[in-house]
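Inspection log for the structure reproduced underneath, given as structure tokens.
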Amino acid sequence: MIDDSEITNIADGWVKYSLTEKRGDDTFFWAWERLHDLVYKEPEEAWRIIERLPQIDTSDFMLASVAAGPVEDLLCYHGERFVDRIETLGLRDRLWRRLLGAVWKSTTPETVWKRIKVVAGPSF
């Protein structure tokens, strides 16, 4: 199990990488790669990080980055397992509702996708 300080470190690094990658800065690529691997191999640990990302930076750019990255991947590969949690966040949290509006279906199972679309805000 990943401890809270590592969760925070990965989440902070992921946000920093997302903000700097367009400039060719790969200093924090390790965090992007770590979360990417966790989504596939240890989704519960990934979820702990994903939940923190919108708290670090609430900009539309970051919400879209989280939506199109780890949230979309989590839904595609582990959607049935996480849809209840994500749906609950979408219902109670305006940032998550907005974030969910930027998720693309990709290979998300249809039953999961229908539930997400009910709570998602408009696409942006």
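Before moving on, here are some points about what is shown:
- So G79, is it more than 12 Å from the chain's Cα centre (by Cα), crowded, with 19+ Cβ neighbours inside 10 Å and closer than 27 Å to V118 by Cα: yes
- Among the candidates V39, V71, V118, residue that is of a type in the set (A, V, I, L, M) and surrounded by fewer than 18 Cβ atoms within 10 Å (Cβ to Cβ): V118
- Some residue of the stretch 18-41 being among the β-branched types (V, I, T), in contact (Cβ under 8 Å) with a residue 40 or more places away in the chain and either part of a helix (DSSP H, G or I) or in contact with a Leu (Cβ under 6 Å, 6 or more places away or on another chain) (or both): no
- Residue within the stretch 108-115 that is in a helix (DSSP H, G or I) and of a type in the set (F, W, Y) present: yes
- Entry remark, the stretch 55-70: residues being touching a helix residue (DSSP H, G or I) at 6+ places or on another chain (Cβ under 6 Å) and not hydroxyl-bearing (S, T, Y) number 6 in total.
- Qualifying positions in the stretch 74-107 - among the hydrophobic types (A, V, I, L, M, F, W, C) and in a loop (DSSP other than H, G, I, E, B): A102, V103, W104
Since every read-out is calculated from the coordinates, none of them should be taken as a lab result. Nothing here was measured: the structure is a model prediction, and the numbers come from that model. Ideal geometry is used to build each Cβ from the backbone, glycine not excepted, and the neighbour counts take in all protein chains shown.
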